[in-house]
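Peer 1: Got a structure for you, written out below as structure tokens; questions coming shortly.
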Amino acid sequence: MIVEKNSSEIKRENGFIVFEGVNGCGKSTARKTAARLLAEMNISAVETFEPGSGTLGGILRPLILGEKAAWRSPIAELLLFGADRAGHVTEVIKPALEENHIVLCDRYYYSTVAFQGYGRGVDLSLIKTVNDSAVAGVVPDLVLLFDLDPLIGLKRTLRRAPSESGDDSFEKEDLAFHNRIRSGYLELARTALERFVIIDASRELQVVEDAVIKVLEHYLR
Ligand code: TYD
């Protein structure tokens with residue numbers, strides 16, 4: 001597993017960078033830090049996120065993140081995230097990469113493996129089929145995994161302003177669900193060593209921010 005200190009082992013090939021982790025892990029703040037760093041380096045970047053980017057995403061996000069509804073099931077969730085992602089790749093990510101922008105994406109298909117797979121218990125091979133079809137070969141070059149005890153993450157989300165947090169029904173799931181997600185992410189990192197950097201997100205914000213900058217400076221060199 002590649003941890004922060006040897007992150008220089010990951011070589012830059014392309015510019016698709018994904019931020020992943022449990023709820024409240026600080027990845028959205030890290031994405032903003034990354035965007036600021038790239039702007040200072042005069043590197044053009046596109047910031048994006050899942051779920052909810054692009055035309056289809058805008059329609060799906062309130063449905064996906066809304067309160068429990070009669071239609072809700074793990075499979076329906078999987079397919080909705082898959083549809084959101086397929087639209088996102090086609091409309092936003094692929095065109096941006098083709099125009100040589102760096103893409104900074106808050107959550108991608110690892111979230112589906114962690115949340116719907118490890119969290120909800122959906123069959124991992126089914127998830128792989130849906131994910132592979134949705135991304136059509138557009139895979140990240142670097143994944144920053146913000147590892148954190150979910151209890152700390154959930155406490156952080158409770159402190160957020162309601163406008164920041166939105167209506168995310170996943171944050172209301174029990175701790176066991178979030179613990180499975182954390183383990184799922186760590187397992188994923190073990191199976192994709194070549195592109196994961198694990199960042200210890202339990203530290204002070206400034207320390208995490210410095211770690212992100214260090215990793216990216218190595219990567220973009
Ligand atoms: P969001 O408001 O974007 O919050 P966060 O800052 O945690 O990313 O909510 C996205 C929620 O959707 C989050 O709880 C994780 C969940 N999710 C999945 O369950 N599966 C997925 O494939 C994705 C992309 C997100």
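Peer 1: Rounded to the nearest 10 Å², what accessible area does Phe81 show when all protein chains are kept and the probe is 1.4 Å?
Peer 2: 20 Å²
Peer 1: While we're looking at this one, here's another question. What are the principal axis extents of the Cα atoms in the chain, in Å, biggest first?
Peer 2: Principal-axis extents of the Cα atoms in the chain, largest first: 50, 36, 34 Å.
Peer 1: Next question, about the same structure. For the chain, give the percent of accessible area contributed by carbon and sulfur heavy atoms, probe 1.4 Å, rounded to a whole number.
Peer 2: Reported share for carbon and sulfur atoms: 55 percent.
Peer 1: After finding the eigenvalues of the alpha carbon gyration tensor for region 72-196, what semi-axes result from the square roots of 5 times each, listed largest first in whole Å?
Peer 2: They are 24, 18, 16 Å, listed from largest to smallest.
Peer 1: Rounded to the nearest 500 deg cm²/dmol, what is the calculated helix-only ellipticity per residue at 222 nm for the chain, with -39500 (n - 2.57) per DSSP H run of length n ≥ 4?
Peer 2: Counting only the DSSP helices, I get -14500 deg cm²/dmol.
Peer 1: So, one more: If you build a Gaussian network model of the chain, linking Cα atoms that sit under 10 Å apart, which residue out of Leu37, Leu186, Leu158 swings the most?
Peer 2: For the chain, modelled as a Gaussian network with Cα springs under 10 Å, the answer is Leu158.
Peer 1: So for Glu187, Glu173, what's the accessible-area order with a 1.4 Å probe, most first? Before the final figure, lay out each step's value.
Peer 2: Details: Glu187 70, Glu173 45 Å².
Ranked from most to least accessible, the order is Glu187, Glu173.
Peer 1: Using DSSP, restrict attention to beta bridges with both residues in region 7-220 and report what percent are antiparallel, rounded to the nearest 5. Don't skip to the answer; put the middle values down first.
Peer 2: On the way: 0 of 19 bridges.
The antiparallel fraction comes to roughly 0 percent.
Peer 1: Based on the Kirkwood radius over alpha-carbon pairs, what value in µm²/s does the Stokes-Einstein equation return for the translational diffusion coefficient of region 29-84 at 37 °C and 0.692 mPa s?
Peer 2: The Stokes-Einstein estimate is 248 µm²/s.
Peer 1: Would you mind classifying region 141-221 by shape? Square roots of the alpha carbon gyration tensor eigenvalues, ordered a ≥ b ≥ c; an a/c under 1.5 is rounded, otherwise it is prolate if a/b is larger than b/c and oblate if not.
Peer 2: Oblate shape, in that a/c is at least 1.5 and b/c is the bigger or equal ratio.
Peer 1: Further question on the same structure: Counting only heavy atoms of protein chains, what accessible area per residue, in Å², does region 21-137 have with a probe of 1.4 Å?
Peer 2: Solvent-accessible surface per residue comes out at 44 Å².
Peer 1: Longer than 21 Å from Cα to Cα, which of Lys94/Lys214; Lys128/Lys214; Lys27/Lys172 are they? Say none if no pair is. Walk me through the numbers before you get to the answer.
Peer 2: Values: Lys94/Lys214 27 Å; Lys128/Lys214 32 Å; Lys27/Lys172 19 Å.
Flagged as over cut-off: Lys94/Lys214; Lys128/Lys214.
Peer 1: Right, something else. Once fully extended, how much extra length lies between Arg190 and Ala70, figured as 0.36 nm per residue of separation less the alpha-carbon to alpha-carbon distance?
Peer 2: Contour length minus the Cα-Cα distance gives 39.5 nm.
The values are calculated or read from the model by the stated rules, or taken from the named source; none is laboratory data. What you see is a predicted model; the values in this text were computed from it and never measured. Only protein heavy atoms, including side chains, enter the accessible area calculation; ligands, DNA and RNA are left aside. Shrake-Rupley method; radii C 1.70, N 1.55, O 1.52, S 1.80 Å.
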